[in-house]
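Scroll down for the structure; my scribbles are underneath it.
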Amino acid sequence: MYKRPLYKKVIQRLEGTSPFIQVLAGPRQIGKTTLAHQARQALSLPSHYASADGSLLRDTAWIEAEWEKGRILAHRSEGPLGALL
């Protein structure tokens, strides 16, 4: 499977000790979702995926609910944590 040039950088950032959230931003259809899924598979960390892309506008309640799902998953995990948005 093709790996985007940023693949290694994303993996390094998520494996690092930095507590920062990593954001994948850019125009539509350039591979952000593919890169995120590849990183999730490579790291084998507990993960939750939700897409804000779609015909319905997402409101703050949706964002809060998805964030809470991730927070609960992180709380249950005993290993390293990371966030990729």
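Where a number appears in this text, it was derived from the coordinates with a stated rule and is not lab data. Note that the structure is a prediction, hence the values are computed from the model and not measured. Reconstructed Cβ throughout: ideal geometry from the backbone, glycine too, with neighbour counts over all protein chains shown.
Highest mean first, what order results for 34-43, 4-13, 20-29 on Cβ atoms within 10 Å? Intermediate values should be presented prior to the final figure.
Numbers: 34-43: 16.6, 4-13: 13.8, 20-29: 9.7.
Listed from highest to lowest mean packing, they are 34-43, 4-13, 20-29.
Using helices alone, I'd like the mean residue ellipticity at 222 nm for the chain: each DSSP H run of four-plus residues gives -39500 (n - 2.57), total over residue count, nearest 500. Write down the numbers at each step before the final one.
Working: 3 runs with 38 residues, N = 85.
Helix contribution divided over all residues of the chain: -14000 deg cm²/dmol.
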Inset, instruction - Just grab the label-to-label distance for Ile63 and Ser51, each label 7 Å out from Cα along the Cβ direction, in nm (one decimal). - result: 2.0
Legend entry - Hull-based mean projected area of the chain, where the convex hull spans the alpha carbons, in square nanometres: 6.2
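Hey, could you get me the Stokes-Einstein D for the stretch 1-42, Kirkwood radius over alpha-carbon pairs, 4 °C and 1.567 mPa s, rounded to whole µm² s⁻¹? Write out the running numbers ahead of the final one.
Numbers: Rh = 10.9 Å.
For the chosen part, D equals 119 µm²/s.
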Legend entry - Computed magnitude of the charge dipole of the chain (debye, nearest 20; Cβ of K, R +1, Cβ of D, E -1): 440
